[in-house]
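Novice: This is the structure I want to talk about, given as structure tokens.
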Amino acid sequence: MPDFFSHPSAIIDEGCKIGAGSKIWHFSHIMPNCIIGEKCNIGQNVVVSPEVVLGSNVKVQNNVSIYTGVTCDDDVFLGPGMVFTNIVNPRSAVSRKDQYTRTHVGKGATIGANATIVCGHDIGQFAFIGAGAVVTKHIPDFALVVGNPAHQVGWMSEYGHRLEFDEKGMATCPESKQVYHLKDGIVKRT
């Protein structure tokens, strides 16, 4: 008996590794050779394509498509209806399965509802992609991006609060009290 939950309507193909405590809900399809970490939650009507790798405690909301070439570190949140791509120039009549472009999502990142991540653009740790954003470039750690194409409008803490930096480049998360330093366009927790 598996140590994860799978709704009877979910399909899990051969060769998948699913971590303890994970849950896979209604009408979701986990395709061959995927790795899903511990304590993940895969919502309703989710497609996880072959060889996708999800870390532990990844939350995948309803109607999400995660295509081959995507890897997500621990604690990533994928909002409802968001989608990854894996080919830059798809054509129905041209097979490009040997040209999948990789995308990596860093630890603790959030991707909002209905956002699109164009393949080949990595998302930094604890970055926050706003709802409906279309990501067409790499996103740095802790960055807050919105729009189409996505553009940076600020910085976010590990707890998901907007950071306000003082003249010395210091900011404190109002919830965790963690302190962050901004220098030369790079944010680090002190």
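Here, each number is a calculation from the coordinates, and none is a lab measurement. Just so you know, these numbers come straight off a predicted model, no measurement behind them. FYI the Cβ positions are ideal-geometry reconstructions off the backbone, even for glycines, and counts take in every protein chain you see.
Novice: For the range 24-82, give the share of DSSP beta bridges that are antiparallel, in percent and rounded to the nearest 5; count only bridges with both residues there.
Specialist: 0
Novice: Among Phe126, Phe84, what is the fewest-to-most ranking by other Cβ atoms within 10 Å?
Specialist: Starting with the residue having the fewest Cβ neighbours, the order is Phe126, Phe84.
Novice: Which residue, Glu175, Glu38, Glu158, tops the fluctuation ranking in a GNM of the chain built on C-alpha contacts under 10 Å?
Specialist: The residue that fluctuates most here is Glu175.
Novice: In whole Å, what are the Cα extents of the range 1-156 along the three principal axes, biggest one first?
Specialist: Dimensions of the range 1-156 along the principal axes of its Cα atoms: 47, 40, 19 Å.
Novice: Which value in nm describes the separation of the simple spin-label points at Tyr159 and Glu14, placed 7 Å from the Cα toward the beta carbon?
Specialist: The answer from the label model is 4.9 nm.
Novice: Within 10 Å of each residue's Cβ, count the other Cβ atoms and sort Ser6, Ser49 from fewest upward.
Specialist: Final ranking by Cβ density, sparse to dense: Ser6, Ser49.
Novice: If you count the DSSP beta bridges with both ends in the chain, what percent of them are antiparallel, to the nearest 5?
Specialist: Counting only bridges with both partners in the chain, antiparallel ones make up about 25 percent.
Novice: Another one. Over the chain, what is the relative contact order in whole percent, taking alpha-carbon pairs under 8 Å and six or more residues apart?
Specialist: 10
Novice: Now for a separate question. Going out from 0 in 5 Å bins, what whole percent of all Cα-Cα distances in the range 126-190 drops into each bin?
Specialist: 4, 20, 29, 22, 14, 9, 2
Novice: For each of Ile12, Ile18, Ile42, count neighbouring Cβ atoms within 10 Å of the residue's Cβ, then give the residues from fewest to most.
Specialist: By the 10 Å Cβ count, ascending: Ile12, Ile18, Ile42.
Novice: How many percent of Cα pairs in the range 50-92 exceed 15 Å?
Specialist: Summing the P(r) tail past 15 Å for the range 50-92 gives 47 percent.
Novice: Evaluate the charge dipole of the chain about its Cα centre and quote only its size in Debye, nearest 20, assuming +1 on the Cβ of each Lys and Arg and -1 on the Cβ of each Asp and Glu.
Specialist: Computed about the Cα centre, the dipole is about 260 debye.
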